[in-house]
Structure formats: C-alpha cells, structure tokens
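The values are calculated or read from the model by the stated rules, or taken from the named source; none is laboratory data. All values reported here derive from a predicted model rather than from experimental measurement. Cβ: placed from backbone, ideal geometry, glycine included. Neighbour counts: every protein chain shown. What goes into the accessible areas is simple: the full protein's heavy atoms, side chains included, and nothing from ligands, DNA or RNA. Shrake-Rupley method; radii C 1.70, N 1.55, O 1.52, S 1.80 Å.
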Amino acid sequence: MKSKRELSLKNGFSLQWHITERCNWNCSHCYRDRGYNELSIDQLYRIFLQFIQFLDTFKIPPQIARLNLTGGEVFLRDDFIVFLKRIYKYNDRYRLKILTNGSLLNDEKVEMLKTLGVDAVQLSVEGMESVNDRIRGKGTFEQIVNTIEILNKNDIPVLVSVTLAKYNLKEIPQLIDFFIKLEVRRIGIRRLVPIGKNQKRLIDDMISPLEQRDFYRLRHALAKENYACGSNTKQPTFNSLCCEDGVFFQEEELVSQYDNRTIPLCGVLSNRILTVLPNGDVLPCRRLPIVLGNVLKKSLLEIWFTSELLSRIRNPENLSSVCRNCEYFELCRGGARCVSYGYFGKLDAPDPQCWKLFEQLPPDAFKVCS
Amino acid sequence: MAELVYEIDKEKVAWRKIEGEVTILDKKTAEFFNLNSTASQIWHLIQHGETVESIVKYLVKHFDIEYKIIREDVVSLMKEFSQKGFIKLHEK
Ligand code: SF4
Ligand code: SF4
C-alpha cells in the first residue's frame, strides 16, 4: 500500500534526539540557542515508542535504523542510564549511538554503556589542542583523548566529528593522523553550518568555496591511505562522504572512484532523518532549524506524514533554477540544505560554498539569492 | 428536517494529497491507505461537509456514469470508511 515515493523509506531512518539542552561546556560554536524545560523520563519513553512505531510502520531493518541520543550533554541527566535500561528491550531494532562531549564518562559508566547496547560513541573536536581548547574550553582536548582511551579499552567504537573552518583547515592532516593513531573508527569532517545564536561568528569562520574544493581533494587523497578518514575501509566509498558533501560531485574524476551510489547525501532530501529537540519539537535535521511539529501533540509518524513544509523541502523541484539547470544536480541536489539555509536564510538557495558558482563566499550572507 | 452527513474523525485519521491522490494515515493502527482519484475526490467532498446525495450528484455531473451505479459505489465506499472508523455520521 505504501508505494508512493514520498512514503518510501528504503534508505533507512535515523532519529537524532536531543534529550537535554543543559551542558557543562560552553563551546563558542554551539547551536544551542534556547532554554527548554526538560521532559520527564515517562515522556521520553512515550516518544521513544513513537520511534519504534515509526520503524514498525516502514518495516525498517535494524542495520539501517538509527537512534542517536544527544544533548546538550546527555550524561548531565541523572536518569539517562535509567532511560537506556528502560529502552534496552528494543535494542535489536536499531543501532544506538551516543553523541557526548565525553567529560562525564569514566570506566564504570562506559562498562555500563557496553551492557546497554550502545553501538558507538561520537565525540566532537575543533582542531588540535590549542584550537580545540580555544573553542571548547581549556583542558577539553585532553579530556576528549582520555575518553577515547576509556572507550577503546571497552571496545566501544569511537567516531570523531570535526567541523571544518578557517581556524582548523591547515591542521586537518595532522588531526587525522593524530586520531588514527588513537584508533578511532571514523573521522567525519563536517561542514560548518551558520545557525543559532553564534550565526554571525560562524559565517566569519566559513572557508571559501575554493578552499572547500581543495579540502575535498585533500580528503580524497588522505582517504585512500587512511581508513579512518570518513570510513573504515581503505578505499573511499560512498559512505566516506558526509551528508553535506553534495557539491563534491563536481569533482567528477574523483567521484568516479567511489561506489556507484546515487541516493542524495542530504538526509532531509533523501527522506531518512528527523530530529527531536528537548521540548519535543521536531526538525527535519538538527542543522536545519525549522519546526515541523511537536511530538507531545502529534506522533512522529503523523508529523512526518502530514508536514507540507517537510514535503516541500524534500522536493528537488523546489530548489533554485541555478541548481536545477546544473549538470551536477542529480547527485548534488543543491549541496547542503543546512548551509544554504543558514547562510542565505532561504530554503531553495544553492550552496554558498559551491565553487562552480562562487570563488569566494557571496558577500552578503543574508542577501536573498536569486 | 436535519440532514445526515459524514464527518471525518480527525482523532482517528490524518491525510495528505500525495502525487495527486489522497493518502490516509490511520493514527490508531499506523497504517496508510492510498485512495484512487475518484475516492480522493469523494474524500475531499466529505471534508467539505457534503451529504451523500450531493456527492453522488456531483459525480454524476462530472462522470458519464449512471446515477444508480455511482450511488452504489459512493455508499459502499462510505460504508468502508465508516467501518474503518475514518468517518462518523452526524446531523447537519
Ligand atoms: S540538512 Fe545538512 S546536516 Fe542535515 S542531513 Fe542535510 S546536509 Fe546533512
Ligand atoms: S550549482 Fe547547485 S547543483 Fe550545481 S554544483 Fe552548485 S550547488 Fe550543486
């Protein structure tokens, strides 16, 4: 019955769920921009069951069903472990990842996570020690390294996420080398998305389109040598690209060496992600801050199904004619929706770091792009 | 005399037009139902509070099919919707 294209979730489904907005760090780049009342553990559990209902409805196999729990800092919630215990009986239905700053993890907690079906832990860094500590706070780099060692000891795969910006562009090779030696499973180098209370500063930290292109070339070269630069194989695969990397498809010669996969990278466009905020608000993606509904009022399934806005965002025909007429459109799909929206304030704008269109970032970030 | 009309039970269903046709989500069972184009039109008319009679008349006017056949089809579809709990009878 569910044969319509829009109702198909053949690419899987991933829910990013921010269960608290509280944090013990105060990173200068953080997207958090509102204070929320936290939901009770019973409310969280009811929302979790909506996620399970979602997986059931679309019969999503566990290998491509993902639950990413995050904050703020999740371990600041005293009941977080209790919550993990409560949902554990459904653990074979999805892959569970925790995104944390790691500062509150110790041996005892990590051993506990191991028994609660956590498949991976993701930590973010901003650069090597001095750059990282300038943004995330003094001593945080060392804490991250310690956490990785504890997780490694307990055999929990570690993913490291780095946001590419002016201040770390030059040290990316050093950073990759450092974290490979620490035996992390994957290093995801993500685009900087200018949203939230620090939007203006984030725009100042964005690299130019040509720098973005050169970074992709470098990453490609590094990915051939280093398993951790994007994926855990020695060859660059489609999976070694991040969701924001649509514009990379312009590098045809490099792309031809990747697995021949044609689904759009952006999870919103390929209809495989949703985000829930600490107050129950639902977004298409954490980095695309447009509220679609609230799970305290309507189920995740109903919001996903009825949101005209979501359907409009997902429809490539609604993207700018600049992109629709571009030879790379089928694969690029206008690049990263989040970067375009953050930068131009428009959902249909092309990617401001597209080097086919711009050599430098377009001058007025908030100017409407025609 | 008050007329009887069907009303969509919004507690039970949500719906949306996708690719030109209505898809209904049964919120209680989390199942989807795709309507064909005629059923989609009927759903649209129910939504606007039309009586069974006026729905039939509308369809007779727009399709070159006998009144009796259309009436049977509409009544049977309404029965199905009603059995599934998608619509309820109420007085206009
Ligand atoms: S909106 Fe941005 S971060 Fe979200 S899935 Fe798309 S490209 Fe990725
Ligand atoms: S013009 Fe648009 S579709 Fe073409 S490469 Fe640039 S962002 Fe992608």
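Taken over the range A:142-154, the criterion of being open to solvent by 10 Å² or more (accessible area, probe 1.4 Å) and either in contact with a helix residue (DSSP H, G or I) (Cβ under 7 Å, 6 or more places away or on another chain) or not acidic (D, E) (or both) is satisfied by A:Q143, A:V145, A:N146, A:I150, A:N152, A:K153, A:N154.
If I filter the range A:297-304 for residues that are surrounded by fewer than 21 Cβ atoms within 10 Å (Cβ to Cβ) and of a type in the set (G, A, S), do I get at least one hit? No, because not a single residue in the range A:297-304 is surrounded by fewer than 21 Cβ atoms within 10 Å (Cβ to Cβ) and of a type in the set (G, A, S).
With the structure loaded, tell me whether A:K109 is part of a helix (DSSP H, G or I) and among the basic types (K, R) or whether it fails that test.
yes
Could you check, for the range A:154-177, whether at least one of its residues is assigned to a helix (DSSP H, G or I) and touching a Cys at 6+ places or on another chain (Cβ under 8 Å)? Yes, there is a match, as at least one residue in the range A:154-177 is assigned to a helix (DSSP H, G or I) and touching a Cys at 6+ places or on another chain (Cβ under 8 Å).
Per the listing A:L288, A:L301, A:L292, A:L296, the residue uniquely closer than 30 Å to A:N37 by Cα, modelled with pLDDT of 95 or more and under 18 Å from the mean Cα position of the chain (by Cα) is A:L288. Filtered by the rule that a residue be in contact with a helix residue (DSSP H, G or I) (Cβ under 9 Å, 6 or more places away or on another chain), more than 15 Å from A:S103 (Cα to Cα) and aliphatic (A, V, I, L, M), the range A:155-174 gives A:I156, A:V162, A:L164, A:A165, A:L169, A:I172. Considering the range B:1-25, the residues that are open to solvent by 70 Å² or more (accessible area, probe 1.4 Å) and facing chain A (nearest Cβ under 10 Å) include one that is modelled with the lowest pLDDT, namely B:E19.
Which residue, of A:R190, A:R201, A:R217, is open to solvent by 30 Å² or more (accessible area, probe 1.4 Å), within 16 Å of ligand 2 (Cβ to nearest atom) and either within 14 Å of chain B (Cβ to nearest Cβ) or at pLDDT 90 or above (or both)? Within the list A:R190, A:R201, A:R217, the selection yields A:R217.
Residues are listed down the side, and each one gets a yes or a no for (1) in contact (Cβ under 8 Å) with a residue 12 or more places away in the chain; (2) over 20 Å from the mean Cα position of the chain (by Cα); (3) open to solvent by 50 Å² or more (accessible area, probe 1.4 Å); (4) within 14 Å of another protein chain (Cβ to nearest Cβ):
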{"site": "A:K4", "(1), (2), (3), (4)": "no, yes, no, yes"}
{"site": "A:Q16", "(1), (2), (3), (4)": "yes, no, no, no"}
{"site": "A:I19", "(1), (2), (3), (4)": "yes, no, no, no"}
{"site": "A:C27", "(1), (2), (3), (4)": "yes, no, no, no"}
{"site": "A:N37", "(1), (2), (3), (4)": "yes, yes, yes, no"}
{"site": "A:Y45", "(1), (2), (3), (4)": "yes, yes, no, no"}
{"site": "A:F51", "(1), (2), (3), (4)": "yes, no, no, yes"}
{"site": "A:F58", "(1), (2), (3), (4)": "yes, yes, no, yes"}
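Note on the range B:1-91: enclosed strands (runs of 3 or more DSSP E) holding 2 or more residues that are of a type in the set (V, I, T) and within 30 Å of A:D56 (Cβ to Cβ) are B:13-18, B:21-26. Annotation: of all residues in the range A:9-56 being of a type in the set (V, I, T) and assigned to a helix (DSSP H, G or I), the one that is farthest from A:L96 (Cα to Cα) is A:I41.
Give me a count of the residues in the range A:277-334 that are within 14 Å of chain B (Cβ to nearest Cβ), among the aliphatic types (A, V, I, L, M), assigned to a helix (DSSP H, G or I) and touching a helix residue (DSSP H, G or I) at 6+ places or on another chain (Cβ under 6 Å). Of the residues in the range A:277-334, 2 are within 14 Å of chain B (Cβ to nearest Cβ), among the aliphatic types (A, V, I, L, M), assigned to a helix (DSSP H, G or I) and touching a helix residue (DSSP H, G or I) at 6+ places or on another chain (Cβ under 6 Å).
Output the residue which, of all residues in the range A:78-102 that are in a loop (DSSP other than H, G, I, E, B) and crowded, with 20+ Cβ neighbours inside 10 Å, is nearest to the chain's Cα centre (by Cα). Reasoning before the result, please.
Initial filter on the range A:78-102 (in a loop (DSSP other than H, G, I, E, B)): A:78-79, A:94, A:100-102.
Now narrow it down to the ones that are crowded, with 20+ Cβ neighbours inside 10 Å: A:94, A:100-102.
On the way: A:Y94: 17, A:T100: 13, A:N101: 15, A:G102: 17 Å.
Looking at residues that are in a loop (DSSP other than H, G, I, E, B) and crowded, with 20+ Cβ neighbours inside 10 Å, I get A:T100.
Every condition in (1) more than 10 Å from chain A (Cβ to nearest Cβ); (2) among the basic types (K, R); (3) surrounded by 14 or more Cβ atoms within 10 Å (Cβ to Cβ) is met by B:K28 except one, and the failing one is (3). Scanning the range A:261-300 for residues that are in contact with a Pro (Cβ under 9 Å, 6 or more places away or on another chain) and near ligand 1 (Cβ under 8 Å from one of its atoms) turns up A:G267, A:V268, A:L269, A:I273.
Sort out which residues of the range A:327-338 are near ligand 2 (Cβ under 6 Å from one of its atoms) and open to solvent by 30 Å² or more (accessible area, probe 1.4 Å), and write them in order of number.
A:Y328
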